[in-house]
């Protein structure tokens, strides 16, 4: 079975740093082969990071933004990326992910997999209005979110990691962008949650296709940025979604939770020497 791991890197230097974290942790701690990893670089600018990744055997794919006005939707450009089309299983990732261990259990069975949203963003009332406007009948099918007692539509998933089987990502290549455009034409209906338009569009696309997500546990896309909302995991998470909880000199920042910080320490042990070496070589990583 051919599995491809892919992320999109925007132009700012911090995203190139994140790509190094993503790849180094994937190779060393998750056991992912470099030839399985595809890094899509907006604008195609060559940096010390892209040179380093190419030297490891990672495929660098220059590309244009999906929608310059909505950079959070850039992940959708991967659905039509030529190097990904032969994959049996496509793992679409945000570049601010770090792997702290293998995720083979998430890839079994050729199933659509993603983690429910961390918190109810957008709130359920907004989603109910959007699904009504989209003419989907009946009450929303809901599920509790991971880090509060609130509920959300069951396919409103965190966009940090999607596992897409081949038969589905071909269908999503047409349906998901259509719902993104539909939402952007009604952006006021999101009431300040426009940055989540890609995730809401994903849920709308799945509703049209009649497909449901097989939900991943928090350990496979664990947010480290939610402060007091966070609870520790039974075992160290396999994937950390660190958002802004990162420093070029200190790596991923700790949370104060024992098992989560065990995973943070594993990642930092791998990435900090690599980042320090690249910093010495070139200022464009800063």
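The values are calculated or read from the model by the stated rules, or taken from the named source; none is laboratory data. Owing to the predicted nature of the structure, the values given are computational and were not obtained by experimental measurement. Cβ atoms come from the backbone with ideal geometry, glycine included; neighbour counts cover every protein chain shown.
Identify all residues within the stretch 30-59 that are under 18 Å from the mean Cα position of the chain (by Cα) and in a helix (DSSP H, G or I); write none if there are none.
36, the sole residue that qualifies.
What residue, of 106, 98, is in contact (Cβ under 8 Å) with a residue 60 or more places away in the chain, buried (at least 17 other Cβ atoms within 10 Å of the Cβ) and part of a strand (DSSP E or B)? I'd like the intermediate steps shown before the answer.
Values: 106 fails: part of a strand (DSSP E or B).
After applying the criteria, what remains is 98.
Restricting to the stretch 192-223, and then to whatever is touching a helix residue (DSSP H, G or I) at 6+ places or on another chain (Cβ under 6 Å) and at pLDDT below 95, can you tell me which residue is nearest to residue 102 (Cα to Cα)?
Per the stated criteria, the residue is 195.
Restricting the first residue to the stretch 43-58 and requiring it to be on the phi > 0 side of the Ramachandran plot, which pairs with a second residue that is modelled with pLDDT of 95 or more meet a Cβ separation below 6 Å and a spacing of at least six or different chains?
44/62; 57/34; 57/35
Applying the selection to the stretch 129-146, what residues are exposed (fewer than 15 other Cβ atoms within 10 Å of the Cβ) and within 16 Å of residue 188 (Cα to Cα)?
132, 133, 134, listed by residue number.
Out of the residues in the stretch 224-237 that are in contact (Cβ under 8 Å) with a residue 40 or more places away in the chain and touching a helix residue (DSSP H, G or I) at 6+ places or on another chain (Cβ under 6 Å), which is surrounded by the fewest Cβ atoms within 10 Å (Cβ to Cβ)?
The qualifying residue surrounded by the fewest Cβ atoms within 10 Å (Cβ to Cβ) is 236.
Could you tell me whether any residue of the stretch 248-256 is more than 23 Å from residue 113 (Cβ to Cβ), assigned to a strand (DSSP E or B) and more than 16 Å from the chain's Cα centre (by Cα)?
Scanning the stretch 248-256, I find at least one residue that is more than 23 Å from residue 113 (Cβ to Cβ), assigned to a strand (DSSP E or B) and more than 16 Å from the chain's Cα centre (by Cα), so the answer is yes.
Counting only residues that are assigned to a loop (DSSP other than H, G, I, E, B) and within 19 Å of the chain's Cα centre (by Cα), how many does the stretch 257-284 have?
0
Kindly list the number of the only condition in (1) surrounded by fewer than 22 Cβ atoms within 10 Å (Cβ to Cβ); (2) touching a strand residue (DSSP E or B) at 6+ places or on another chain (Cβ under 8 Å) that fails for residue 47.
(2)
Applying the selection to the stretch 69-95, what residues are outside any loop (DSSP other than H, G, I, E, B) and within 22 Å of residue 230 (Cβ to Cβ)?
93
Can you find a residue in the stretch 178-189 that is touching a residue at least 40 places away in the same chain (Cβ under 8 Å) and over 26 Å from residue 81 (Cβ atoms)?
yes
Quick one: how many residues across the stretch 16-31 are surrounded by fewer than 23 Cβ atoms within 10 Å (Cβ to Cβ) and more than 17 Å from residue 282 (Cβ to Cβ)?
5
Just name the residue that is nearest to residue 23 (Cα to Cα) out of those in the stretch 205-237 that are in a helix (DSSP H, G or I) and more than 17 Å from the chain's Cα centre (by Cα).
Among them, the one singled out is 227.
On the basis of being more than 19 Å from residue 273 (Cβ to Cβ), in contact (Cβ under 8 Å) with a residue 24 or more places away in the chain, assigned to a helix (DSSP H, G or I) and within 16 Å of the chain's Cα centre (by Cα), does residue 15 make the cut?
Here the answer is yes, as residue 15 does meet what is asked.
If residue 240 satisfies all but one of (1) touching a residue at least 40 places away in the same chain (Cβ under 8 Å); (2) in contact with a strand residue (DSSP E or B) (Cβ under 9 Å, 6 or more places away or on another chain); (3) in a helix (DSSP H, G or I), what's the number of the condition it fails?
Tallying (1) touching a residue at least 40 places away in the same chain (Cβ under 8 Å); (2) in contact with a strand residue (DSSP E or B) (Cβ under 9 Å, 6 or more places away or on another chain); (3) in a helix (DSSP H, G or I), residue 240 fails exactly one: (3).
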